[in-house]
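Take a look at the structure below.
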Amino acid sequence: MPAAVLWLISALVLAGAEALTGHLFLVMLGGGALAASLTSWLTGWPQWADGAVFLVVSVLLLVLVRPALRRRLTPATALETGIKALEGKKAVVLDRVGHDAGQVKLDGEVWTARPFNEGDVYEPGESVTVMHIEGATAVVLKTGL
């Protein structure tokens, strides 16, 4: 079997294996094998030259093309929405926050609140951080602790 056909089969196998992984590594090697297949078919170079073409083209694809392609194909980190977006935000105490009751202003909205630590009490005007949301209640901790 001619070397060009073997390189072409290698390129197809690598591209098919890439479909299983999705890391864009094997497809770059497949591109190198395709380039080696083309040079083997178009030129009469010896086998080591085809191997050198495979190596050079594969390395160039891995270094130059793969990072840019991964950036294009990888989705940006999703923005947090809902109550997860409120965790870690600052709020201002409106009504005394204690074990039983309290209110804070968070992102322009009034929320019921309770302290993160059972014994803590926060007075109106104090700045607090939202630790998490439980139902419709913001669990808060005093800022700077």
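Taking the condition at pLDDT 90 or above, of a type in the set (Val, Ile, Thr) and within 30 Å of the chain's Cα centre (by Cα), does VAL13 pass? Yes. Of all the residues in the range 120-135, those that are assigned to a strand (DSSP E or B), of a type outside the set (S, T, N, Q) and open to solvent by less than 50 Å² (accessible area, probe 1.4 Å) number 4.
In this structure, VAL121 does not qualify as in contact with a strand residue (DSSP E or B) (Cβ under 6 Å, 6 or more places away or on another chain) and at pLDDT 90 or above. The numbered conditions (1) closer than 30 Å to TYR122 by Cβ; (2) outside the structural domain of VAL130 (by the TED database) are all true for VAL65 except (1).
The values are calculated or read from the model by the stated rules, or taken from the named source; none is laboratory data. Computed from a predicted structure; not experimentally measured. So basically every Cβ, Gly included, is an ideal-geometry build from the backbone, and we count neighbours across all protein chains shown. Remember, those area values only see protein heavy atoms, side chains included, never the ligands or the DNA or RNA. Shrake-Rupley method; radii C 1.70, N 1.55, O 1.52, S 1.80 Å.
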